[in-house]
Amino acid sequence: MKNKHHANELDVANFVKVIENLTRINIRLPSIDKLSFTTLSVLHTLTQTSPMRLTELTATEQVTQSAITQIVTRLERDGLVERRSDPNDGRVVLVHITPQGANVIDSRRQERIRRIAGFAEHLTPEERQAIAGAIPALRRLVEIAGDA
């Protein structure tokens with residue numbers, strides 16, 4: 001039996017399906033800097049929270065310690081991240097994103113903006129306004145999820 005939803009109620013299942021599809025499209029849009037999804041996720045995480053310990057990256061990226069070590073080694077070799085000792089504890093190594101690594105994420109974002117803007121041209125003014133009106137609520141959902 002399907003749930004009946006009033007126009008003002010959030011159909012969470014439908015919302016999740018749309019977000020999944022938008023995420024899939026969004027991840028695959030940029031055609032520049034072809035890197036694996038996990039590698040890009042590590043770079044994106046570091047643009048938000050740098051520096052980080054390897055153990056923190058292992059947890060956020062949901063991969064093994066071995067996998068994150070290999071990814072960070074490749075990223076370091078490519079000049080996208082660097083490892084430095086923690087100034088408060090010399091035994092701890094922190095992973096920092098480099099300007100080149102941040103540029104990879106920024107260039108991908110700029111490519112997405114360009115491509116999504118092209119798609120949005122095919123929406124009606126009302127559809128564009130509906131999306132614009134939803135952005136504060138979506139931003140708030142991201143904040144709530146980040147706090148959870």
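The values are calculated or read from the model by the stated rules, or taken from the named source; none is laboratory data. Since the structure is predicted, the reported quantities are computational estimates derived from the model, not experimental observations. Backbone-built Cβ (ideal geometry, glycine too); neighbour counts: all protein chains shown. Quick note on the areas: whole protein, heavy atoms, side chains included, nothing else; ligands and nucleic acids left out. Shrake-Rupley method; radii C 1.70, N 1.55, O 1.52, S 1.80 Å.
Data for the structure
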| read-out | value |
| --- | --- |
| For the range 70-85, Karplus couplings with θ = phi - 60° (6.51, -1.76, 1.60), whole Hz, Gly/Pro x | 5, 5, 5, 4, 5, 4, 5, 4, 7, x, 8, 9, 9, 9, 9, 5 |
| Residue-averaged [θ]222 nm for the chain, counting only DSSP H segments that reach four residues, each worth -39500 (n - 2.57) | -21000 deg cm²/dmol |
| Charge sum, other residues only, whose C-beta stays under 12 Å from L54's C-beta, Lys/Arg counted +1 and Asp/Glu -1 | -2 |
| Distance in nm between pseudo-label sites at E126 and T47 (7 Å out along the Cβ direction from Cα) | 3.5 |
| Carbon and sulfur %, accessible surface of the chain computed with the full protein complex present, 1.4 Å | 56 |
| Whole-Hz couplings from phi, Karplus 6.51/-1.76/1.60, listed for the range 61-67; x for Gly and Pro | 8, 6, 10, 6, 4, 4, 5 |
| Degrees, to the nearest 10: 37-48 long Cα axis against longest axis of the chain | 90 |
| With eigenvalues of the C-alpha gyration tensor scaled by 5 and rooted, the chain, Å | 35, 20, 14 |
| Within the range 47-76, backbone nitrogen closer than 14 Å to the virtual label 7 Å beyond the Cα of V93 toward Cβ | 52-58, 65-76 |
| Distance from the range 105-120 to the range 11-73 (C-alpha centre basis), Å | 18 |
| Heavy-atom surface of the chain, accessible at 1.4 Å and reported per residue (Å²) | 72 |
| Helix axis angle, 99-120 relative to the chain longest principal axis, alpha carbon, degrees | 10 |
